[in-house]
Amino acid sequence: MPRVTQRDQYQRHQILRDIWTNERRNMAFGVLKSYEQQKIHAFYQPDEALSFKEFVAHLRQSKTEHPGLAQVAGKLCRILFDEGAYHAATTALPKVALPTRGRHGGVAHYISVQAIVRSQPDLQKLVAAARALVREQMRQMEASPEKKDSDEHS
């Protein structure tokens with residue numbers, strides 16, 4: 001089996017970066033389990049725009065700190081690049097579908113669920129989610145019958 005050069009690794013980084021930054025195509029990462037996606041992120045860093053020199057420095061550090069990661073990430077990369085898996089992730093029906101109830105109790109449609117792992121948390125999305133949670137809890141408190149009962153007795 002031929003050895004993978006630093007240039008080959010950098011080309012993989014660039015391809016993964018292209019897939020990662022394309023909102024429609026980054027669904028392809030969903031063919032991998034979340035811990036596998038984390039390994040791809042740790043080794044190839046698709047969420048970072050790295051120059052060749054920066055990437056080589058990262059490779060050296062990664063190979064020192066995590067000696068087996070290069071081989072594992074390479075195998076996962078081949079799975080991700082497999083045309084069938086990539087095509088399935090970007091065009092076909094999702095692997096997981098949860099039935100939801102329609103207005104009359106029957107199954108109305110399906111919601112697809114696919115985990116796409118980020119190497120770093122998206123703080124803006126976390127803040128938005130926290131705000132939405134607080135708003136929902138406040139709405140429920142205002143609508144709760146216990147609050148109305150206590151207000152009537154005051």
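Summary of values
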quantity	calculated
Test: residue in region 63-84 that is at pLDDT below 60 and not aromatic (Phe, Trp, Tyr)	yes
Lone unmet requirement of (1) modelled with pLDDT under 75; (2) within 30 Å of Trp20 (Cβ to Cβ) for Arg103	(2)
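A quick yes/no check of all residues on (1) under 16 Å from the mean Cα position of the chain (by Cα); (2) modelled with pLDDT of 90 or more; (3) in the same structural domain as Glu65 (by TED's automatic domain parsing):
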residue	(1), (2), (3)
Gln11	no, yes, yes
Ile19	yes, no, yes
Asn22	yes, no, yes
Met27	yes, no, yes
Leu32	yes, no, yes
Glu36	yes, yes, yes
His41	yes, yes, yes
Gln45	yes, yes, yes
Ala49	no, yes, yes
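The values are calculated or read from the model by the stated rules, or taken from the named source; none is laboratory data. Because the structure is predicted, anything quoted here is derived from the model rather than measured. All Cβ positions, glycine included, derive from the backbone under ideal geometry; neighbour counts span all protein chains shown.
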